[in-house]
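A.B. asks: Please read through the structure below; I'll follow up with questions.
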Amino acid sequence: MPAQAPPNILLFVLDQQRYDCLAPARLVKVHTPNIDRLAKQGCWFERAYTPIPTCCPARQSLLSGQWAERHGGLWNFDIALPVRLFEAPTWSQQLASAGYRCGYVGKWHVHPNKSPLEFGYQEFVSVADYADWRRTQNLPDPVTATGAWLGGHDPVPTSYSRTHWHAQQSIELIERFANTGTPWHVRLDFEEPHLPCYPTARFAALYDPAHIAPWANFGDEFANKPYIQKQMKRTWGIDTMTWDDWAPVVARYLAMVSQVDDAVGTVLDAVERLGLANDTLIIFTADHGDACGSHGLIDKHYVMYEEQLRVPLVLKWPGHVPPGTRCDAFVIHGLDGAATISDAAACPPLADVQGHSLLPLAAGRRPANWRRFAYSSYNGQQFGLYCQRMIRDQRWKYIWNPTDLDELYDLEADPAELHNRIGDRECSAIIRHLQTNLLAHLDEVADGLVASEFVRPQLASGAKYTSR
């Protein structure tokens, strides 16, 4: 029997898309019919986590399949702190070597000097290309009426917006690549719904701020929590914002989510129109999430809440992934996503890859040795260095903050993560269990943070204060 031809690979990556703010999550009322359709046609992963809630290292992990502490891009290369530039081997280079036609559209944010063209892609349409096109069309700039990070509205027709222009560029690449007779890969990286959000009128009209209820954790007073969380509200200048101030921001975020969904739908429709759907692996995900008012916070940084860590992930591949599958296994989406793409394209695993292919899970087969925990890490950013490591199981989440108070949340009893149980004597055995398993994971992935004889005892022997 002849070997099956490798699939086309279509990858959607959103920027700061919360897991709960998509219809398949069944948690927030949001209009995303195309992503919902995609999930019903494939596998929706209910417990996918970013390896690191920071843009550059998360994207570098997706390309390399390595933890940030391995590939060296610990934080964004373009803000404040020097960083080792990303040089790890990538699956995109593998695909090019295997004969794929590869095109990249949208946000890059992987390397300051090298573009996707130096990582295996033959064609690249950038965010700057859209800005140049918009200027040639004499289109007005979005009007910001509420503040630089809080957004506004884009006055152009939706077809002229960045979301839909990038979608159209992706469609044109797919059409050209499909005529070459070779497998193709197109990656569409939206800058959205990263704040500030500027939805067009068509999508802004979908969400009335007056009808958006506060997040369950909006009133978090950060009692018995690390100092830096409360400080971040002051740092951003949002410590006096009420829900009446936040509701329009959240409305614009949801509107932009719906606008991205519509753009994704145009690409999905094109794949079907061209007769390519049965031969194409489609992956939909995001680099990480966004606070968007949860806990009264904005953006990410210095927290390990579900809003920032948990990300959407969908795999659709007819004949390989049963439609309507939902998987609750713990997935580290960047690492496992990289391993999955290499596996689907019949390429050998990347050097030093630290993830595992998701194809067995998507087909309904969970390997016996699949991870029992989710993990994530953080190494500081433009506001200063502050390391964190997270581990969670089915019920409990433990966050190791080496230079501040640790955190423990009961995600069954307290899904809003309001009550830090780290000082609760009834939880001492749970804390030691999670510390032990976190240390084992950090040793396995060669995380340098636990190599220090001054830091390691915090996890190794529980040498950490549980209260101030």
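The values are calculated or read from the model by the stated rules, or taken from the named source; none is laboratory data. Small disclaimer: the values here were computed from a predicted structure and weren't measured. We place every Cβ from the backbone using ideal geometry, glycine too, and count neighbours over all the protein chains shown. Areas reflect the complete protein model, heavy atoms only, side chains present, ligands, DNA and RNA absent. Shrake-Rupley method; radii C 1.70, N 1.55, O 1.52, S 1.80 Å.
A.B. asks: Could you list all residues from the range 234-270 that are among the basic types (K, R) and without any contact (Cβ under 8 Å) to a residue 40 or more places away in the chain?
C.D. replies: First, the residues of the range 234-270 that are among the basic types (K, R): 234, 252.
Matches in the range 234-270: R234 only.
A.B. asks: Quick check: anything in the range 404-421 among the basic types (K, R) and in contact with a Leu (Cβ under 9 Å, 6 or more places away or on another chain)?
C.D. replies: Initially, the range 404-421 is screened for residues among the basic types (K, R), giving 421.
Next, from what is left, pick out any that are in contact with a Leu (Cβ under 9 Å, 6 or more places away or on another chain): 421.
Yes, the range 404-421 has at least one match.
A.B. asks: For F218, state whether it is surrounded by fewer than 20 Cβ atoms within 10 Å (Cβ to Cβ), among the aromatic types (F, W, Y), farther than 21 Å from Q381 by Cβ and out of contact with any strand residue (DSSP E or B) (no Cβ under 8 Å at 6 or more places or on another chain).
C.D. replies: Details: surrounded by fewer than 20 Cβ atoms within 10 Å (Cβ to Cβ): yes; among the aromatic types (F, W, Y): yes; farther than 21 Å from Q381 by Cβ: yes; out of contact with any strand residue (DSSP E or B) (no Cβ under 8 Å at 6 or more places or on another chain): yes.
In short, yes.
Here's the yes/no breakdown for (1) in a helix (DSSP H, G or I); (2) aliphatic (A, V, I, L, M); (3) on the phi > 0 side of the Ramachandran plot:
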{"position": "V13", "(1), (2), (3)": "no, yes, no"}
{"position": "V28", "(1), (2), (3)": "no, yes, no"}
{"position": "P53", "(1), (2), (3)": "no, no, no"}
{"position": "C56", "(1), (2), (3)": "yes, no, no"}
{"position": "S61", "(1), (2), (3)": "yes, no, no"}
{"position": "Q66", "(1), (2), (3)": "no, no, no"}
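A.B. asks: Let me ask something else about it. Here is a check on your reading of the model: is N224 over 24 Å from the mean Cα position of the chain (by Cα) and either in a helix (DSSP H, G or I) or touching a residue at least 24 places away in the same chain (Cβ under 8 Å) (or both)? Spell out how you get there, then give the answer.
C.D. replies: Values: over 24 Å from the mean Cα position of the chain (by Cα): yes; either in a helix (DSSP H, G or I) or touching a residue at least 24 places away in the same chain (Cβ under 8 Å) (or both): yes.
Answer is yes for this residue.
A.B. asks: Still on this structure, please answer the following. Of the numbered conditions (1) at positive phi; (2) touching a strand residue (DSSP E or B) at 6+ places or on another chain (Cβ under 6 Å), G181 satisfies every one except a single condition; which is it?
C.D. replies: Unmet condition: (2).
A.B. asks: Testing A96 on (1) surrounded by 14 or more Cβ atoms within 10 Å (Cβ to Cβ); (2) out of contact with any Cys (no Cβ under 6 Å at 6 or more places or on another chain); (3) of a type in the set (A, V, I, L, M), one condition comes back false. Which one is that?
C.D. replies: Failing condition for A96: (2).
A.B. asks: Then there's this: So the check is Cβ under 8 Å with 6+ separation or different chains; which pairs have a first residue in the range 444-468 that's under 18 Å from Y375 (Cα atoms) and a second one that's assigned to a loop (DSSP other than H, G, I, E, B) and of a type in the set (A, V, I, L, M)?
C.D. replies: Short answer, once both residue conditions are applied: L449/V455.
A.B. asks: Out of curiosity, is G72 closer than 28 Å to L442 by Cα, buried (at least 22 other Cβ atoms within 10 Å of the Cβ) and out of contact with any strand residue (DSSP E or B) (no Cβ under 7 Å at 6 or more places or on another chain)? Reasoning before the result, please.
C.D. replies: On the way: closer than 28 Å to L442 by Cα: yes; buried (at least 22 other Cβ atoms within 10 Å of the Cβ): no; out of contact with any strand residue (DSSP E or B) (no Cβ under 7 Å at 6 or more places or on another chain): yes.
No; evaluated as a whole, the condition is false for this residue.
A.B. asks: Which pairs do you get when a residue that is at negative phi, found in the range 405-422, comes within reach of a residue that is modelled with pLDDT under 95 and open to solvent by 50 Å² or more (accessible area, probe 1.4 Å), reach meaning Cβ atoms under 7 angstrom, with the pair 6+ apart or on two chains?
C.D. replies: Listed pairs, sorted by first residue: L405/R468; I422/T466.
A.B. asks: Show me the strands (runs of 3 or more DSSP E) entirely contained within the range 324-429 in which 2 or more residues are under 22 Å from the mean Cα position of the chain (by Cα) and surrounded by fewer than 19 Cβ atoms within 10 Å (Cβ to Cβ). Steps first, please.
C.D. replies: Values: elements: 325-327, 374-381, 384-392, 396-400, 407-410.
Counting at least 2 such residues, we get 384-392.
A.B. asks: Here's another thing I want to ask about it. Among residues belonging to the range 448-468 that are surrounded by 11 or more Cβ atoms within 10 Å (Cβ to Cβ) and among the charged types (D, E, K, R), point out the one that is nearest to the chain's Cα centre (by Cα).
C.D. replies: Among them, the one singled out is R456.
The rows are residues; the columns are (1) within 18 Å of the chain's Cα centre (by Cα); (2) modelled with pLDDT of 95 or more; (3) farther than 18 Å from G151 by Cβ.
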position: T242; (1), (2), (3): no, yes, no
position: R252; (1), (2), (3): no, yes, no
position: A255; (1), (2), (3): no, yes, no
position: G265; (1), (2), (3): no, yes, yes
position: A270; (1), (2), (3): no, yes, yes
position: L276; (1), (2), (3): no, yes, yes
position: H288; (1), (2), (3): yes, yes, yes
position: G293; (1), (2), (3): yes, yes, no
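A.B. asks: Determine, yes or no, whether N113 is at pLDDT 95 or above and open to solvent by 10 Å² or more (accessible area, probe 1.4 Å).
C.D. replies: Numbers: at pLDDT 95 or above: no; open to solvent by 10 Å² or more (accessible area, probe 1.4 Å): yes.
No, not satisfied.
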